[in-house]
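Presented below is the structure to which this report refers.
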Amino acid sequence: MQKQTLLFNLDDTLVHCNKYFRDTINAFVAQLQEWFENLTKEEIKQKQLEIDLKSIEKYGLHSSRFPESLVATYLFFSEQNHQDIHEDRVERVKKIGQSVFEVPIEPLPNMYEVLDKLKEQGHNLYLHTGGDEENQGRKIVQLELAKYFEKRVFISEHKDTPALKEILNQIKYDPKKTWMIGNSLKTDIRPAVEAGIHAIHVPSELEWSYNQVKIDIAPKGKLITVHSLLEVPEIIQKHAQETVVST
């Protein structure tokens, strides 16, 4: 069996993420509805999402972006409703936004079992996650992921095809034996297809609209969608064995 190079995404592939943002946004919406009784939940959520997505395209996935999007949403509705801006309210909104980066992180079901299997099979495990060093590093430490990835961790504020290609060049990859495994079509799967490596899409039960794009180019490698992370080791093992036979 030929060893494979496996790049895993972190958020909503190995660990829970979106559910924490959902809960925080709900808390923010409830707070704004106390201050602006005329606003609907959907109206607030839509404006926050619009502001957040524009910020990501410009500044990337740094964690500071999210609290700032909540503040910008509060400022927008203050102006729209001809209300004075209160500094204590700005601080309250910032605290709500920052709270999402303070919750204890939970692994997704079977995460350790899958990583243990792949490590036992001898594959080279890498982590390629979007965000900033402080927040993503916190998750890696909390869940003791260094025993699987050691120093093979890449954190990209702009998680896209150029970022993936730069990583691949650093690790001297073989496209026939290299995989990207993640939940995001936008930041995991499309970059992998564009880089010419294999990809396994593990859809998240709670998906962020930012991650939903069409894959409109033909893959050079394998492109597989699974229902569970548990399916990954068997797919990798089968491919590794087929590669030996074909050579």
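The values are calculated or read from the model by the stated rules, or taken from the named source; none is laboratory data. Because the structure is predicted, anything quoted here is derived from the model rather than measured. Positions of Cβ are backbone-derived with ideal geometry, glycine not excepted, and every protein chain shown enters the neighbour counts.
Return a yes/no flag: does the range 95-105 have any residue that is buried (at least 17 other Cβ atoms within 10 Å of the Cβ) and farther than 25 Å from ILE140 by Cα.
Start the filter on the range 95-105 by keeping residues that are buried (at least 17 other Cβ atoms within 10 Å of the Cβ), which leaves 96-97, 100-101, 105.
Keeping just the survivors that are farther than 25 Å from ILE140 by Cα gives none.
Among the residues of the range 95-105, not one is buried (at least 17 other Cβ atoms within 10 Å of the Cβ) and farther than 25 Å from ILE140 by Cα, which makes the answer no.
Filter the range 193-205 down to the residues that are under 16 Å from HIS123 (Cβ atoms) and either outside any strand (DSSP E or B) or outside the structural domain of ALA240 (by TED's automatic domain parsing) (or both) and list them by number.
Let us first name the residues in the range 193-205 that are under 16 Å from HIS123 (Cβ atoms), namely 197-200.
Selection gives ILE197 alone.
State all residues of the range 148-164 that are part of a helix (DSSP H, G or I), surrounded by fewer than 16 Cβ atoms within 10 Å (Cβ to Cβ) and touching a residue at least 12 places away in the same chain (Cβ under 8 Å); if no residue qualifies, say none.
Matches in the range 148-164: THR161 only.
Among (1) within 27 Å of GLY137 (Cβ to Cβ); (2) among the β-branched types (Val, Ile, Thr); (3) in contact with a helix residue (DSSP H, G or I) (Cβ under 7 Å, 6 or more places away or on another chain), there is one condition ILE85 misses while meeting the rest; what is its number?
Going through the list (1) within 27 Å of GLY137 (Cβ to Cβ); (2) among the β-branched types (Val, Ile, Thr); (3) in contact with a helix residue (DSSP H, G or I) (Cβ under 7 Å, 6 or more places away or on another chain), ILE85 breaks only (1).
One residue is enough: does the range 167-176 have a residue meeting the conditions under 18 Å from the mean Cα position of the chain (by Cα), surrounded by 14 or more Cβ atoms within 10 Å (Cβ to Cβ) and under 14 Å from HIS128 (Cβ atoms)? Give the derivation first.
At the first step, the residues of the range 167-176 found to be under 18 Å from the mean Cα position of the chain (by Cα) are 167.
Right, trim to surrounded by 14 or more Cβ atoms within 10 Å (Cβ to Cβ) and you get 167.
Those left that are additionally under 14 Å from HIS128 (Cβ atoms): 167.
Yes, the range 167-176 has at least one match.
Quickly run through the range 53-63 and pick out the residues that are free of Cβ contacts under 8 Å to residues at least 24 places away in the same chain and surrounded by 15 or more Cβ atoms within 10 Å (Cβ to Cβ).
Of everything in the range 53-63, just one residue is free of Cβ contacts under 8 Å to residues at least 24 places away in the same chain and surrounded by 15 or more Cβ atoms within 10 Å (Cβ to Cβ), namely SER55.
Only one of these is among the hydroxyl-bearing types (Ser, Thr, Tyr), modelled with pLDDT of 95 or more, more than 22 Å from ALA240 (Cα to Cα) and assigned by TED's automatic domain parsing to the domain that holds LEU10: THR161, THR178. Name it.
Numbers: THR178 fails: more than 22 Å from ALA240 (Cα to Cα).
Of the residues listed, the single one that is among the hydroxyl-bearing types (Ser, Thr, Tyr), modelled with pLDDT of 95 or more, more than 22 Å from ALA240 (Cα to Cα) and assigned by TED's automatic domain parsing to the domain that holds LEU10 is THR161.
Can you tell me how many residues within the range 181-233 are among the small types (Gly, Ala, Ser), farther than 19 Å from ASP12 by Cα and either surrounded by fewer than 18 Cβ atoms within 10 Å (Cβ to Cβ) or touching a strand residue (DSSP E or B) at 6+ places or on another chain (Cβ under 7 Å) (or both)? Steps first, answer last, please.
Initial filter on the range 181-233 (among the small types (Gly, Ala, Ser)): 182, 184, 192, 195-196, 199, 204, 209, 218, 221, 228.
Filter once more, so that each one left must be farther than 19 Å from ASP12 by Cα: 195-196, 218, 221.
Then drop every residue that is not either surrounded by fewer than 18 Cβ atoms within 10 Å (Cβ to Cβ) or touching a strand residue (DSSP E or B) at 6+ places or on another chain (Cβ under 7 Å) (or both), which leaves 196, 218, 221.
Adding up the residues that qualify gives 3.
Suppose we filter the range 29-74 for residues that are in contact with a helix residue (DSSP H, G or I) (Cβ under 6 Å, 6 or more places away or on another chain), modelled with pLDDT of 95 or more and polar (S, T, N, Q); how many remain?
Of the residues in the range 29-74, 3 are in contact with a helix residue (DSSP H, G or I) (Cβ under 6 Å, 6 or more places away or on another chain), modelled with pLDDT of 95 or more and polar (S, T, N, Q).
Can you pull out every residue in the range 165-175 that is in contact (Cβ under 8 Å) with a residue 24 or more places away in the chain, part of a loop (DSSP other than H, G, I, E, B) and either within 26 Å of ARG65 (Cα to Cα) or out of contact with any helix residue (DSSP H, G or I) (no Cβ under 9 Å at 6 or more places or on another chain) (or both)?
First, the residues of the range 165-175 that are in contact (Cβ under 8 Å) with a residue 24 or more places away in the chain: 165, 167-168, 171, 173-175.
Applying the additional criterion that residues be part of a loop (DSSP other than H, G, I, E, B) yields 173-174.
Correct list: ASP174 only.
Counting just the residues of the range 29-51 that are touching a residue at least 40 places away in the same chain (Cβ under 8 Å) and part of a helix (DSSP H, G or I), which one comes out nearest to ILE85 (Cα to Cα)?
The selected residue is TRP35.
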